[in-house]
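As structure tokens, the structure follows; a few thoughts come after it.
The values are calculated or read from the model by the stated rules, or taken from the named source; none is laboratory data. These numbers come from a predicted model, not from an experiment. Positions of Cβ are generated from backbone atoms using ideal geometry, with glycine treated the same way; all protein chains shown enter the neighbour counts.
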Amino acid sequence: MTYRAQKGTKDILPYESHIWQYIEQVSKKILEDANYKEIRTPIFEATELFARGVGDSTDIVAKEMYTFEQKGRSLALRPENTAGVVRAFIEHGMHRLPSPLKLWYKGPMFRYERPQAGRQRQFHQLGVELFGVSGPSADAEVIQLAMQVLSEFGLDNLMLELNNIGCPGCRNEYKNRLKQAIAPKLSEFCVDCRLRYERNPLRILDCKNEKCIGLLASPGIEQVICGDLICEPCKEHFRELREYLEVLNITSYKINKRLVRGLDYYNRTVFEITCNELGSQNAVCGGGRYDPLVSMLGGPDTPAVGWAIGMERIISLIAPPEGKPLDIFIVSDSLKEALKNAFEVRKLGFSADLDFSGRKFSKQLEKASKSGAKYALILGEEELRTNTFTVKNLVSGEQQRVAGLAGFFKLLGHN
Ligand code: ATP
Ligand code: MG
């Protein structure tokens, strides 16, 4: 019997993990400079939380969730993290903290989808959520941060798509008009869209089926999609958002009236960032405003806006930075001395390794060179007797004897 990683999951191997660490460090710096604090929530929650918080008519909940029973309770692996963060926000009374509350997270998400390039069953998201600001300045800040994170990684061919899907008040009118326009052609839409027609007609705009996309472009339907049916306060929100974006130098975006996003709880601003260097799975970031969610999940009425970036998708695009080389490799006849000195130099802030085999010096030196370390600290019989080290610079090949660790540091100071 051989075991393999499950379909749609991947091991992040030792020669890849530095890329992940790099992405995590860079994004942490950008987000914490903007006063976002990290939140870590559990990777499983009550299934009910996602059914309500993401929406049970969404593909994510209806088709893609990993659920399991334990002692009669239905639990689910998180397919996204907004619902979990909002649950924690409510549970810990975070509305009492100074407003706005700005949070960021990173971690694995789980969706049972058909694995393909850019699409896994366990994948990682980096995300932010900003609670407590109803005006569009908050939308602008989070959009700017997403663009900053992505451009920091050298992703240039980014396209920001924006839409305003209205509020629960004006959306009903829009939904009705859309349904009327679709009705004569409903039988030509896919099975999923026919269901969406009843449960959440806006989601039809998100359908990936070519035939449905074509039908939506027919004049009667297109007219409704492009007609500005949202209410005046929602229009004003959008106008102001565009002014804030201009101040932040974000001007080359596309307004996409078909953009509705996959989750049920969005209102007003929704956005997506795509990168055309990726193939068909070209979305790197999705987000929007979700003012109704906190109260819908039992908390006090709190406006909120956020986004999530798909980490695997950006990793596939960036040139990996060089891994950090080891500082010191200890070469010695005595494993005890090697261990002890590795420990000593690490305490002083250097990275150090040793050969655990007790092999011949020449073999150990070979290993030291291969390790990529900058220096070999050689501790032979003679050195041990005289309390000295032979230091070999593994880049230049230069070698010299120094008095103990103090001598070694003095030598480093001269280099
Ligand atoms: P898509 O349309 O590609 O399915 P989505 O709307 O389902 O995306 P979101 O829920 O908005 O995705 O998640 C935000 C980001 O997470 C996406 O833009 C994408 O980069 C990434 N993502 C989503 N699903 C996956 C997956 N199965 N594998 C890898 N990355 C994913
Ligand atoms: Mg999806």
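Among the candidates L130, L158, L126, L145, single out the residue that is out of contact with any Phe, Trp or Tyr (no Cβ under 6 Å at 6 or more places or on another chain), away from ligand 2 (no atom under 16 Å from the Cβ) and farther than 30 Å from G93 by Cα.
Only one candidate qualifies: L158.
Does E337 satisfy the criteria of being modelled with pLDDT under 95, more than 30 Å from E383 (Cα to Cα) and not assigned by TED's automatic domain parsing to the domain that holds L160?
no
Run down N267, N172, N200, N209 and say which single residue is within 29 Å of the chain's Cα centre (by Cα) and more than 16 Å from ligand 2 (Cβ to nearest atom). Give the steps one after another, and end with the answer.
On the way: N172 fails: within 29 Å of the chain's Cα centre (by Cα); N200 fails: more than 16 Å from ligand 2 (Cβ to nearest atom); N209 fails: more than 16 Å from ligand 2 (Cβ to nearest atom).
Residue meeting the stated conditions: N267.
Contact list please: Cβ distance under 8 Å, first residue in the stretch 53-76 and closer than 14 Å to R111 by Cβ and among the basic types (K, R), second residue within 16 Å of ligand 1 (Cβ to nearest atom) and outside any helix (DSSP H, G or I), pairs at least six apart or on different chains.
K63/Y112
Would you mind stating whether E16 is modelled with pLDDT under 95, of a type in the set (D, E, K, R) and away from ligand 2 (no atom under 16 Å from the Cβ)? Walk me through it before giving the result.
On the way: modelled with pLDDT under 95: yes; of a type in the set (D, E, K, R): yes; away from ligand 2 (no atom under 16 Å from the Cβ): yes.
So E16 fits the description; yes.
Could you please tell me which pairs satisfy a Cβ distance under 6 Å, a separation of 6+ or placement on different chains, a first residue in the stretch 1-15 that is more than 16 Å from R111 (Cβ to Cβ), and a second residue that is among the acidic types (D, E)?
Close Cβ pairs (under 6 Å, with a partner that is among the acidic types (D, E)) amount to A5/D11.
For residues that are over 15 Å from G214 (Cα atoms) and crowded, with 19+ Cβ neighbours inside 10 Å, tally how many sit in the stretch 172-189.
Selection size over the stretch 172-189: 2.
Within the stretch 93-103, does at least one residue satisfy the condition of being in contact (Cβ under 8 Å) with a residue 40 or more places away in the chain, assigned to a helix (DSSP H, G or I) and within 22 Å of V260 (Cα to Cα)?
No, the stretch 93-103 has no match at all.
So how many residues does the stretch 104-131 have that are part of a loop (DSSP other than H, G, I, E, B), of a type in the set (G, A, S) and touching a Lys or Arg at 6+ places or on another chain (Cβ under 9 Å)?
So the answer is 1.
Please indicate, with yes or no, whether at least one residue in the stretch 100-121 is more than 17 Å from E45 (Cβ to Cβ), within 16 Å of ligand 2 (Cβ to nearest atom), under 15 Å from the mean Cα position of the chain (by Cα) and buried (at least 20 other Cβ atoms within 10 Å of the Cβ).
Taking every residue of the stretch 100-121 in turn, at least one turns out to be more than 17 Å from E45 (Cβ to Cβ), within 16 Å of ligand 2 (Cβ to nearest atom), under 15 Å from the mean Cα position of the chain (by Cα) and buried (at least 20 other Cβ atoms within 10 Å of the Cβ).
Working carefully through the options K257, K179, K211, K175, find the one that is in contact with a helix residue (DSSP H, G or I) (Cβ under 9 Å, 6 or more places away or on another chain), assigned by TED's automatic domain parsing to the domain that holds E80 and at pLDDT 85 or above.
The match here is K257.
What pairs come up if the first residue lies in the stretch 249-263 and is within 16 Å of ligand 1 (Cβ to nearest atom), the second is part of a loop (DSSP other than H, G, I, E, B), and their beta carbons are under 7 Å apart, counting only those six or more places apart or on different chains?
These pairs meet every condition: V260/I165; G262/T58; L263/T58.
Across the stretch 267-301, what is the number of residues that are in a helix (DSSP H, G or I) and touching a residue at least 24 places away in the same chain (Cβ under 8 Å)?
Of the stretch 267-301, the ones in a helix (DSSP H, G or I) are 293-296.
Narrowing further to those that are touching a residue at least 24 places away in the same chain (Cβ under 8 Å): 293-294, 296.
Qualifying residue count, the stretch 267-301: 3.
Where in the stretch 327-415 are there strands (runs of 3 or more DSSP E), lying fully within it, with 2 or more residues that are crowded, with 16+ Cβ neighbours inside 10 Å and touching a strand residue (DSSP E or B) at 6+ places or on another chain (Cβ under 9 Å)? Spell out the reasoning first.
On the way: elements: 328-332, 352-354, 375-379, 388-393, 399-403.
Where strands (runs of 3 or more DSSP E) fall fully within the stretch 327-415 and carry at least 2 residues being crowded, with 16+ Cβ neighbours inside 10 Å and touching a strand residue (DSSP E or B) at 6+ places or on another chain (Cβ under 9 Å), they are 328-332, 352-354, 375-379, 388-393.
Here is a yes/no grid of residues against (1) part of a loop (DSSP other than H, G, I, E, B); (2) at pLDDT 95 or above; (3) among the aromatic types (F, W, Y); (4) in contact with a Cys (Cβ under 9 Å, 6 or more places away or on another chain):
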| site | (1), (2), (3), (4) |
| --- | --- |
| E236 | no, yes, no, no |
| G262 | yes, no, no, no |
| L317 | yes, no, no, yes |
| P321 | yes, no, no, no |
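Please find, within the stretch 345-380, the residue that is nearest to the chain's Cα centre (by Cα) out of those that are farther than 24 Å from E322 by Cα and of a type in the set (G, A, S).
The extreme case among them is S357.
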